[in-house]
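Encoded as structure tokens, the structure appears first; notes follow it.
The values are calculated or read from the model by the stated rules, or taken from the named source; none is laboratory data. Keep in mind the model is a prediction, meaning the values are calculated, not measured. Here the Cβ positions follow ideal geometry from the backbone for every residue, glycine too, while neighbour counts run over all protein chains shown. Just so you know, the surface numbers come from the protein's heavy atoms only, side chains and all, with ligands and any DNA or RNA stripped out. Shrake-Rupley method; radii C 1.70, N 1.55, O 1.52, S 1.80 Å.
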Amino acid sequence: MKKILTLALLACMATNALAQEEKNDNKPVFTTVKELPITSVKDQNRSGTCWAYSTLSFFESEILKKTGKSYDLCEMFVANKDYLERGELTVRMHGDSQFSQGGSAGDVLIIMKNHGICPEDAMPLPGTMQGDSLANFNEFFSVMEPYVNAVAKNSAKKISNQWKVGLQGIIDAYLGKCPEEFMYEGKKYTPKSFMASLGIDLNDYVSITSYTHHPFYTSFAVEVQDNWRWDHSYNVPMDEMMQIIDNALENGYTVAWGGDVSEEGFTRKGLGIAYDTKKAQSLTGSDAARWLKLSASEKKSKLDSLGINAPEIVPTQELRQERFDNWELTDDHGMHIYGLAKDQNGKEYYMVKNSWGEYGDYKGTWYMTKAFVAANTMDFLINKNAIPKAIRKKLGI
């Protein structure tokens, strides 16, 4: 009896192991094709500052490429300067401009041009004044938003400039005061002189997008709320947008990417796949009637279980435009593209540095298929020298 039980147990264990092996057949196994140098993964924590983290990560890679030196630039310096300027615009527009945590890569570029930058250790760690070593904007914005709106929608015929002093005080209290001077590696700098010492030319950077409601090879301000400065992006066809990313990586340049990660295919485990849900229904054994009865979490679980075998949509220019116009394609996250990989089926994925700490199966890196990026890109910041010459000629840059 004991022998039978032992054999049964071994058989059960073997069956479970086989089931587990079969279950993992769909899990991607990545081979790196091209991986460019990046700095360490950071954690934006409970703050809507992905735009600052991803863009500074991009500039850190640009500096590393140009000079060979690694820096940790300060996200909260950028946020401090940016929120004051956004508050000023909101008041100037009498509240008809959104004041929120979000921003764009263009914000970082403009702050660095106008104010400079400092290293991370030149300012207090975000949140330290509240006893939290990571950024936590919950209380911060619950205090700041009503303050800005109270000024912006004031019924007075004339307001004083003291509201700016008050706003700067709130920002400094939560993010730390921006230094006027600081020491770095034995030298004294101002934020502007430190920026000048980093070895890059901020005039080399341009934004790229792809939509048909503006002419190709012109520039326009992408109409999303977090582009509150109305920074312009160069407009190119979708295929050329993707050529720019590939050419950049091939020639040693990374990309500060902004786009939509609210789609079902952006998994919390580190993948970005442009699911074709209609084709996926049959692969998961679900007909249309059964599929409609599943909860959102059940649908996502079934889609995620397909892994590398999940069918993807074929992105088109028309589909991008339709999704942008009907609010499906949204601007909700910024990340840093730094490499290219292939799975065991030969499908290509961009390697993308996130700012959620070492989260997910790949410790802070997401692997996003080319279809996912083509379908979900809002815009991206790039060194103009990374753009193919033929496309640069069309853009006049």
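When the range 53-77 is filtered for residues that are buried (at least 23 other Cβ atoms within 10 Å of the Cβ) and of a type in the set (V, I, T), only T55 remains. For the range 127-137, a residue qualifies if it is closer than 14 Å to A173 by Cα and either in contact with a strand residue (DSSP E or B) (Cβ under 8 Å, 6 or more places away or on another chain) or assigned to a loop (DSSP other than H, G, I, E, B) (or both), and the qualifying residues are G127, Q130, G131, D132, A135, N136, F137. On inspection, F77 passes the criterion of being of a type in the set (F, W, Y), touching a Cys at 6+ places or on another chain (Cβ under 9 Å) and either modelled with pLDDT of 95 or more or assigned to a helix (DSSP H, G or I) (or both).
If you go through the range 238-266 and keep only what is among the β-branched types (V, I, T) and either open to solvent by less than 10 Å² (accessible area, probe 1.4 Å) or in a strand (DSSP E or B) (or both), you end up with I244, I245, T254, V255.
Counting the residues of the range 78-93 that are open to solvent by 20 Å² or more (accessible area, probe 1.4 Å) and farther than 17 Å from N149 by Cα gives 1. The residue that is most open to solvent (accessible area, probe 1.4 Å), among those in the range 141-164 that are touching a Leu at 6+ places or on another chain (Cβ under 9 Å) and in contact (Cβ under 8 Å) with a residue 40 or more places away in the chain, is K164.
Within the range 324-343, residues that are closer than 24 Å to S47 by Cβ sit with their Cβ atoms under 6 Å from residues that are surrounded by fewer than 20 Cβ atoms within 10 Å (Cβ to Cβ) and small (G, A, S), at 6+ positions apart or across chains, in these pairs: D332/S262. When the range 331-357 is filtered for residues that are under 19 Å from S104 (Cβ atoms) and open to solvent by less than 50 Å² (accessible area, probe 1.4 Å), the ones remaining, listed by number, are D331, H333, G334, M335, H336, I337, V352, K353, N354, S355. When L167 is tested against (1) open to solvent by 30 Å² or more (accessible area, probe 1.4 Å); (2) over 17 Å from P124 (Cβ atoms); (3) modelled with pLDDT of 95 or more, only condition (1) is not met. State all residues of the range 104-122 that are open to solvent by less than 10 Å² (accessible area, probe 1.4 Å) and either charged (D, E, K, R) or in a loop (DSSP other than H, G, I, E, B) (or both); if no residue qualifies, say none. Those that are open to solvent by less than 10 Å² (accessible area, probe 1.4 Å) and either charged (D, E, K, R) or in a loop (DSSP other than H, G, I, E, B) (or both): D107, G116, I117, C118. Looking only at the range 189-210, residues that are without any contact (Cβ under 8 Å) to a residue 12 or more places away in the chain and among the acidic types (D, E) come to 1 in all. Among residues of the range 286-307 being among the hydrophobic types (A, V, I, L, M, F, W, C) and more than 32 Å from the chain's Cα centre (by Cα), the one that is modelled with the lowest pLDDT is A289. Tell me yes or no: at least one residue of the range 366-378 is more than 24 Å from G103 (Cα to Cα), touching a residue at least 12 places away in the same chain (Cβ under 8 Å) and either under 13 Å from the mean Cα position of the chain (by Cα) or open to solvent by 60 Å² or more (accessible area, probe 1.4 Å) (or both). Checked the range 366-378: no residue is more than 24 Å from G103 (Cα to Cα), touching a residue at least 12 places away in the same chain (Cβ under 8 Å) and either under 13 Å from the mean Cα position of the chain (by Cα) or open to solvent by 60 Å² or more (accessible area, probe 1.4 Å) (or both). Do we have D96 as touching a helix residue (DSSP H, G or I) at 6+ places or on another chain (Cβ under 9 Å), without any contact (Cβ under 8 Å) to a residue 40 or more places away in the chain, open to solvent by 10 Å² or more (accessible area, probe 1.4 Å) and under 24 Å from D331 (Cα atoms) here? So D96 fits the description; yes. It is to be established whether one or more residues within the range 172-186 are part of a helix (DSSP H, G or I), open to solvent by less than 90 Å² (accessible area, probe 1.4 Å), free of Cβ contacts under 8 Å to residues at least 40 places away in the same chain and not acidic (D, E). No - not one qualifying residue is present in the range 172-186. Within the range 223-237, the residues that satisfy the criterion of being more than 18 Å from L89 (Cα to Cα), touching a residue at least 40 places away in the same chain (Cβ under 8 Å) and either surrounded by 21 or more Cβ atoms within 10 Å (Cβ to Cβ) or touching a strand residue (DSSP E or B) at 6+ places or on another chain (Cβ under 8 Å) (or both) are S233, Y234, V236.
Scanning the range 205-221 for residues that are touching a helix residue (DSSP H, G or I) at 6+ places or on another chain (Cβ under 8 Å) and surrounded by fewer than 13 Cβ atoms within 10 Å (Cβ to Cβ) yields one hit, H213. With the condition kept exactly as written, say whether any residue in the range 211-218 is without any contact (Cβ under 8 Å) to a residue 40 or more places away in the chain and hydroxyl-bearing (S, T, Y). Yes, the range 211-218 has at least one match. Checked against the criterion of being under 17 Å from K269 (Cα atoms) and in contact with a Leu (Cβ under 6 Å, 6 or more places away or on another chain), the candidates Y338, Y367 yield just one match: Y367.
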